[in-house]
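Undergrad: Attaching a single structure in structure tokens format; questions to follow.
Just so you know, all these numbers are worked out from the coordinates, no wet-lab data involved. What you are looking at is a predicted structure, and each value in this text was computed from that prediction instead of being measured.
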Amino acid sequence: MRNKYIESFEQAQLENKNIPVFRAGDTLRVAVTINEGEKTRVQNYEGLCIAIRGQGTGRTFMVRKMGANSVGVERIFPLYSNSIESIEVLRRGRIRRAKLFYLRELKGKAARIKELRRK
């Protein structure tokens, strides 16, 4: 049971954000604002969404990409963070699970996700 004032405040925070609909298995490009001293820049982080958890303003999603030397790099983003500039869905994946943690053990072609074909 949550406080109604906190819920109304969170609802006001959620209204001004433009978040696309995505789920685990989708390939995303997340534009993140990075502060380096007095300079700020936008860096894209592109990878596979392997999990979404939480609710309201505490909702987070986990993105996994393959880094240098085929090392998997995972990053957790708060969905309604001010540091996220934009989220773009590049591909929709055809999956049957909500959490794709099993991809951590797979390598190469076995770690691929089939694309969801709309009719």
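Undergrad: In degrees, nearest 10, range 0 to 90: what is the angle between the Cα axis of helix 4-15 and the longest Cα principal axis of the chain?
TA: Roughly 60 degrees, rounded to the nearest 10.
Undergrad: Lysine pairs in the chain 8 or more apart or on different chains: how many have alpha carbons under 22 angstrom apart?
TA: Details: 4/17; 65/99; 65/107; 65/109; 65/114; 99/107; 99/109; 99/114.
Lysine pairs meeting the criterion: 8.
Undergrad: With the convex hull built on the Cα atoms of region 51-119, state its orientation-averaged projected area in nm².
TA: Averaging across all directions leaves 6.2 nm² for the Cα convex hull.
Undergrad: Mind listing P(r) for region 4-107? All alpha-carbon pairs, 5 Å bins, whole percents.
TA: 2, 11, 20, 22, 18, 13, 8, 3, 1, 0
Undergrad: Before rounding to the nearest 500, sum -39500 (n - 2.57) across all DSSP H runs of length at least 4 in the chain and divide by the residue total; then give [θ] at 222 nm in deg cm²/dmol. Numbers along the way, then the final one.
TA: Working: 1 runs with 12 residues, N = 119.
Estimated from H runs of four or more residues: -3000 deg cm²/dmol.
Undergrad: Remind me, relative contact order of the chain in percent, using alpha carbon pairs under 8 angstrom and six or more residues apart?
TA: Working: 198 pairs, mean separation 32.1, N = 119.
Relative contact order comes out at 27 percent.
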